[in-house]
Amino acid sequence: MSGIVYLDGLPYIGVDIMSAMGTPFILDLIPKLFDETKSVAEMRALDLSFVDSCFAKYDHDRKERLPSDGLGFDAGSEKARTRNRGKMPSKFWETQSSWLGMAMQQSLAHRKFVLTRTQDPGPLLALGAQGIPTLVLCGKYDAHLDGSILAKELRARSFTRVECRLIEKGGSHAVHIENPHSKTVSRKTR
């Protein structure tokens, strides 16, 4: 292996790394996504919130992206509808619809496994200690994860060659979909 690129994600899933770099929004949402006491309507709203929060909001009137607040698009209240009037998640409606459909097809047991399984980071950390170059690309407005914290966590866990780039344009959790050709990077963090 000649290098690793992490695109807006975790190098492995575990309570320690997720609690370090997950946003309050996603840390609060994850346990709700496999809560057996929720109704179908409640689960549907949670799935919608999760999928919508993956993308940057877009104000069509002003033709500009808005930073994601991690709240998703709650259509359930008048206040939320007023706040979001004219602001669509993005032009990626088909992708978002597909993700929503896939999320709604998961069993609660499968969803819990995907979101909470613990993986053995040993081999990955050994590569990091050997100096494998690692580039972390993340959206500046990611409502789920803080990529600059990911870079710090990798360094604290033995990685010696880590670089982090925060992408501003289309800088959501789905930055790879919203801006696949981006060469614009807001800042380099060490």
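Residue pairs whose Cβ atoms lie under 7 Å apart, separated by 6 or more positions or on different chains, with the first residue in region 147-161 and under 15 Å from Thr23 (Cα atoms) and the second among the β-branched types (Val, Ile, Thr) and assigned to a helix (DSSP H, G or I), are Glu153/Ile17. Checked against (1) in a loop (DSSP other than H, G, I, E, B); (2) within 28 Å of Pro133 (Cα to Cα), Lys38 passes all but a single condition, namely (2). Answer yes or no as to whether Pro180 is open to solvent by 50 Å² or more (accessible area, probe 1.4 Å) and modelled with pLDDT of 90 or more. No. Quick check: anything in region 150-163 among the hydrophobic types (A, V, I, L, M, F, W, C) and within 13 Å of the chain's Cα centre (by Cα)? Yes - at least one qualifying residue is present in region 150-163. Just to be sure before I move on: is Thr95 more than 28 Å from Arg165 (Cβ to Cβ), at pLDDT 75 or above and β-branched (Val, Ile, Thr) in the structure I sent? Criteria not met by Thr95.
Residue pairs whose Cβ atoms lie under 7 Å apart, sitting 6 or more positions apart in sequence or on different chains, and linking a residue in region 95-122 that is closer than 17 Å to Val40 by Cβ to a partner that is open to solvent by 50 Å² or more (accessible area, probe 1.4 Å) and in a loop (DSSP other than H, G, I, E, B), are Leu108/Glu36. For region 21-46, the set of residues classified as surrounded by 13 or more Cβ atoms within 10 Å (Cβ to Cβ) and under 14 Å from the mean Cα position of the chain (by Cα) consists of Met21, Gly22, Thr23, Phe25, Ile26, Leu27, Leu29, Ile30, listed by residue number.
Let's see how each residue does on (1) modelled with pLDDT under 90; (2) not aliphatic (A, V, I, L, M):
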position	(1), (2)
Asp35	no, yes
Leu48	no, no
Gly70	yes, yes
Gly101	no, yes
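The values are calculated or read from the model by the stated rules, or taken from the named source; none is laboratory data. Treat the numbers as computed from the prediction; the structure is a model and nothing was measured. Neighbour counts run over all protein chains shown; Cβ positions are idealised from the backbone, glycine included. Heavy atoms of the whole protein, side chains included, go into the accessibility calculation; ligands, DNA and RNA do not. Shrake-Rupley method; radii C 1.70, N 1.55, O 1.52, S 1.80 Å.
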